Amino acid sequence: MLKKVGFFPELDPKRAVEMGEPSIHASVRAVGEPDEGQILQYLNDGHMIISVMEGGPDVITGEYGYQEASGCSSWISGGAWVWRYDLAHYLRRHHVELSTDFLSHARSSGCTVPPLGDEEMLELADQLAADWKR
(Lines give C-alpha, C1' and ligand atoms only; values in the text may rest on other atoms or scores of the structure.)
Protein backbone atom coordinates (compact mmCIF):
# COMPACT_ATOMS: atom_id res chain seq x y z
CA MET A 1 0.00 0.00 0.00
CA LEU A 2 1.33 3.41 -0.96
CA LYS A 3 1.76 5.98 1.75
CA LYS A 4 0.36 9.46 1.15
CA VAL A 5 1.87 12.83 1.99
CA GLY A 6 0.56 16.36 1.51
CA PHE A 7 -3.11 15.54 0.90
CA PHE A 8 -4.31 18.44 3.02
CA PRO A 9 -8.09 18.71 3.63
CA GLU A 10 -8.32 22.04 1.81
CA LEU A 11 -6.97 20.40 -1.34
CA ASP A 12 -9.42 17.50 -1.33
CA PRO A 13 -12.35 18.23 1.02
CA LYS A 14 -14.17 15.07 -0.05
CA ARG A 15 -11.37 12.95 1.42
CA ALA A 16 -10.38 15.22 4.31
CA VAL A 17 -11.32 12.82 7.10
CA GLU A 18 -9.93 9.78 5.31
CA MET A 19 -6.54 11.33 4.62
CA GLY A 20 -5.95 12.31 8.23
CA GLU A 21 -3.70 15.25 7.32
CA PRO A 22 -3.79 18.44 9.38
CA SER A 23 -5.09 21.66 7.88
CA ILE A 24 -2.70 23.17 5.38
CA HIS A 25 -3.00 26.43 7.29
CA ALA A 26 -1.68 24.73 10.44
CA SER A 27 1.20 23.28 8.41
CA VAL A 28 2.55 26.60 7.06
CA ARG A 29 5.92 27.59 8.50
CA ALA A 30 8.04 30.74 8.18
CA VAL A 31 11.09 28.76 7.07
CA GLY A 32 11.61 25.33 5.63
CA GLU A 33 13.82 22.40 6.48
CA PRO A 34 17.55 23.02 5.99
CA ASP A 35 17.46 20.57 3.06
CA GLU A 36 14.17 21.88 1.62
CA GLY A 37 15.76 22.30 -1.82
CA GLN A 38 16.65 18.61 -1.93
CA ILE A 39 13.16 17.62 -0.76
CA LEU A 40 11.69 19.84 -3.49
CA GLN A 41 13.89 18.13 -6.04
CA TYR A 42 12.63 14.76 -4.81
CA LEU A 43 9.01 15.88 -5.20
CA ASN A 44 9.70 17.31 -8.65
CA ASP A 45 11.52 14.17 -9.80
CA GLY A 46 8.60 11.89 -8.91
CA HIS A 47 6.77 9.91 -11.56
CA MET A 48 3.36 11.19 -12.65
CA ILE A 49 1.07 8.23 -12.15
CA ILE A 50 -2.36 9.83 -12.63
CA SER A 51 -2.60 13.03 -14.64
CA VAL A 52 -5.56 15.30 -14.01
CA MET A 53 -6.51 18.03 -16.47
CA GLU A 54 -7.55 20.89 -14.25
CA GLY A 55 -6.26 24.06 -12.68
CA GLY A 56 -6.54 25.40 -9.21
CA PRO A 57 -5.61 28.30 -7.01
CA ASP A 58 -3.16 28.32 -4.14
CA VAL A 59 -5.61 27.50 -1.33
CA ILE A 60 -3.70 29.75 1.07
CA THR A 61 -3.40 32.92 -1.03
CA GLY A 62 -6.07 32.34 -3.67
CA GLU A 63 -3.52 33.11 -6.40
CA TYR A 64 -3.38 31.31 -9.72
CA GLY A 65 -0.44 31.07 -12.07
CA TYR A 66 2.06 29.16 -9.97
CA GLN A 67 4.04 26.48 -11.78
CA GLU A 68 1.97 23.52 -10.57
CA ALA A 69 -1.46 25.20 -10.90
CA SER A 70 -2.21 23.34 -14.11
CA GLY A 71 -2.74 19.70 -13.23
CA CYS A 72 -2.47 20.50 -9.52
CA SER A 73 -4.29 17.40 -8.28
CA SER A 74 -2.36 14.92 -10.43
CA TRP A 75 -0.81 12.13 -8.39
CA ILE A 76 2.98 11.71 -8.32
CA SER A 77 4.99 8.87 -6.79
CA GLY A 78 8.51 7.89 -5.92
CA GLY A 79 7.49 4.25 -5.63
CA ALA A 80 6.64 3.98 -1.91
CA TRP A 81 4.91 7.34 -1.40
CA VAL A 82 2.36 9.33 -3.39
CA TRP A 83 1.67 13.07 -3.36
CA ARG A 84 -0.21 15.69 -5.33
CA TYR A 85 1.61 17.55 -8.08
CA ASP A 86 1.08 20.86 -6.27
CA LEU A 87 2.77 19.73 -3.06
CA ALA A 88 6.06 21.11 -4.39
CA HIS A 89 4.43 24.55 -4.68
CA TYR A 90 3.21 24.50 -1.08
CA LEU A 91 6.61 23.39 0.17
CA ARG A 92 8.48 25.97 -1.91
CA ARG A 93 6.12 28.89 -1.22
CA HIS A 94 4.75 28.15 2.25
CA HIS A 95 7.29 25.68 3.68
CA VAL A 96 4.48 23.32 4.71
CA GLU A 97 5.40 20.76 7.30
CA LEU A 98 5.59 17.24 5.88
CA SER A 99 5.39 13.90 7.62
CA THR A 100 8.60 12.88 9.37
CA ASP A 101 8.21 9.39 7.88
CA PHE A 102 8.15 10.85 4.38
CA LEU A 103 11.13 13.10 5.07
CA SER A 104 13.10 10.17 6.49
CA HIS A 105 12.27 8.09 3.43
CA ALA A 106 13.32 10.82 0.98
CA ARG A 107 16.53 11.54 2.90
CA SER A 108 17.45 7.86 3.19
CA SER A 109 17.45 7.68 -0.60
CA GLY A 110 19.66 10.75 -0.89
CA CYS A 111 16.53 12.58 -2.13
CA THR A 112 16.78 10.57 -5.32
CA VAL A 113 13.62 9.09 -6.83
CA PRO A 114 14.32 5.61 -8.15
CA PRO A 115 13.52 4.80 -11.77
CA LEU A 116 10.34 2.81 -12.27
CA GLY A 117 9.72 0.37 -15.09
CA ASP A 118 6.53 0.20 -17.12
CA GLU A 119 5.11 -2.67 -15.05
CA GLU A 120 5.79 -0.83 -11.79
CA MET A 121 4.15 2.32 -13.14
CA LEU A 122 1.07 0.37 -14.24
CA GLU A 123 0.83 -1.35 -10.85
CA LEU A 124 0.99 2.01 -9.08
CA ALA A 125 -1.60 3.45 -11.45
CA ASP A 126 -3.92 0.53 -10.73
CA GLN A 127 -3.53 1.01 -6.96
CA LEU A 128 -4.15 4.73 -7.19
CA ALA A 129 -7.08 4.42 -9.57
CA ALA A 130 -8.77 1.97 -7.18
CA ASP A 131 -8.14 4.37 -4.30
CA TRP A 132 -9.35 7.39 -6.31
CA LYS A 133 -12.65 5.70 -7.16
CA ARG A 134 -13.52 5.08 -3.50
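The values are calculated or read from the model by the stated rules, or taken from the named source; none is laboratory data. Since this is a predicted model, take the numbers as computed values, not measurements. Positions of Cβ are generated from backbone atoms using ideal geometry, with glycine treated the same way; all protein chains shown enter the neighbour counts. Areas reflect the complete protein model, heavy atoms only, side chains present, ligands, DNA and RNA absent. Shrake-Rupley method; radii C 1.70, N 1.55, O 1.52, S 1.80 Å.
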- prompt: Ordering Asp131, Asp45, Asp126 by how much accessible area each has at a 1.4 Å probe, largest first, what is the list?
  reply: Asp126, Asp45, Asp131
statement: Taking 0.36 nm per residue of separation between Asp118 and Thr100 and subtracting their Cα-Cα distance, the length gained on full extension comes to 3.5 nm
field: Extension gain (nm, one decimal) between Asn44 and Thr61, 0.36 nm per residue minus Cα-Cα
entry: 3.9 nm
task: First select every other residue whose beta carbon is under 13 angstrom from the beta carbon of Gly79; then total the charges, Lys and Arg +1, Asp and Glu -1.
output: -3
query: What does the charge add up to near Leu98, with Lys and Arg as +1, Asp and Glu as -1, over the other residues with Cβ less than 15 Å from its Cβ?
result: 0
task: Evaluate the Kirkwood expression for the hydrodynamic radius of the chain, namely the inverse of the mean inverse distance over all pairs of different C-alpha atoms, and round to one decimal in Å.
output: 15.0
- prompt: Separation between the Val31 and Val52 pseudo-spin-labels, each 7 Å from Cα along Cα→Cβ, expressed in nm?
  reply: 3.4
- line: What helix-only [θ] at 222 nm does the chain give? Using -39500 (n - 2.57) per DSSP H run of at least 4, over all residues, to the nearest 500, the answer is -10500 deg cm²/dmol
field: Karplus 3J(HN,Hα) series, Hz, for segment 69-78 with 6.51 cos²θ - 1.76 cosθ + 1.60 (x for Gly, Pro)
entry: 5, 7, x, 3, 9, 4, 9, 10, 9, x
